[in-house]
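The values are calculated or read from the model by the stated rules, or taken from the named source; none is laboratory data. In this text the structure is predicted, and so the values were computed from the model without any measurement. Heads up, the Cβs are rebuilt from the backbone with ideal geometry, glycines too, and the neighbour counts pull from every protein chain shown.
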Amino acid sequence: MIIRPFRRLILYWFLLSGASLAQSFLFVSPNTRDHLSDEDAAGSLNSFEQSNFLAVAKYLGKKVCGAPHIFSAEGIYDGAAENSSLLTGCKNSQAQYLGALLGRYAHQKQILVFDPSPLPESKERLLMVEFTTDHPADTVKHLRQYPISGATVLFQGQVIQVYIWAVDHAEDAAVHRLADAEHATLREIPGKGTMIGDELSRVVAQHAFDQRIAAYERAHHRSLSRLLGSKQLHDMLDQPASEVPR
């Protein structure tokens with residue numbers, strides 16, 4: 001398993017202006033099991049499935065975006081959880097292509113691409129709550145105390161980052177209570193989220209991924225989709241990060 005150092009991600013937030021606003025947030029999970037417990041999802045962060053997926057995401061991401069940043073994460077929603085990931089550093093069209101590739105590779109139903117936008121009329125936001133805790137293993141249990149329908153949680157030692165896609169203001173009060181309780185930093189990024197795939201059917205989702213992949217590859221003369229079933233990708237394992245970049 002690899003968890004990228006947070007200094008790079010925190011710097012990314014300060015760079016979210018001008019040209020950097022063109023870079024998207026891509027949320028993809030390799031998990032296909034239903035109704036995982038929080039404990040099972042946390043254990044899956046150390047699995048071959050997670051390590052292979054992060055390695056494949058890094059490999060494909062470099063070919064699509066050049067130098068994406070890839071973070072291991074835990075997704076929580078509606079009483080269930082799963083091992084997941086967050087990728088940053090790709091422009092929106094690249095992120096949608098990469099997301100479709102990874103969704104297809106991991107047999108997902110849906111992936112989410114959030115595209116930051118400076119436009120004030122944007123109703124959607126990506127919320128990020130960052131705090132430190134002496135008990136990171138209890139983070140998800142604590143988050144369950146708040147009526148938040150879904151979140152992606154990144155861990156780096158005692159530093160926690162919680163990402164929430166807000167399509168309206170229905171959960172604002174709960175997010176603010178969480179931030180106040182944890183003495184956290186709360187950041188809001190306006191933009192637009194795009195779910196790619198199908199909420200109910202993996203078969204329909206795979207078709208949706210295939211359509212997006214084919215359209216992008218025709219337009220950009222790429223052919224990374226031919227690698228998706230290869231032994232090269234299925235044998236990949238991620239390597240732990242060495243040191244925090246200075």
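Key figures for this structure:
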item	result
Enumeration of residues in the range 153-182 that are of a type in the set (A, V, I, L, M) and in contact with a Pro (Cβ under 8 Å, 6 or more places away or on another chain)	ILE160, ALA174
Among residues of the range 162-187, those that are under 21 Å from the mean Cα position of the chain (by Cα) and either surrounded by 13 or more Cβ atoms within 10 Å (Cβ to Cβ) or assigned to a helix (DSSP H, G or I) (or both), counted	14
So LEU237, is it under 30 Å from LYS63 (Cα atoms), in a loop (DSSP other than H, G, I, E, B) and at pLDDT below 95	yes
Residue match in the range 197-206 (condition: outside any helix (DSSP H, G or I), among the polar types (S, T, N, Q) and exposed (fewer than 12 other Cβ atoms within 10 Å of the Cβ))	no
The listed residue being in a loop (DSSP other than H, G, I, E, B) and surrounded by 16 or more Cβ atoms within 10 Å (Cβ to Cβ), out of ASN52, ASN31	ASN31
Among residues of the range 170-207, those that are closer than 17 Å to ARG104 by Cβ and without any contact (Cβ under 8 Å) to a residue 40 or more places away in the chain, counted	3
Subset of the range 77-131 [β-branched (Val, Ile, Thr) and closer than 24 Å to PRO147 by Cβ]	VAL129
Any hit, the range 72-92, residues being surrounded by 20 or more Cβ atoms within 10 Å (Cβ to Cβ) and at positive phi	yes
Test: residue in the range 119-139 that is under 20 Å from GLU217 (Cα atoms) and surrounded by fewer than 22 Cβ atoms within 10 Å (Cβ to Cβ)	no
Enumeration of residues in the range 26-42 that are closer than 17 Å to ALA137 by Cα, touching a Ser or Thr at 6+ places or on another chain (Cβ under 9 Å) and of a type in the set (Gly, Ala, Ser)	ALA41
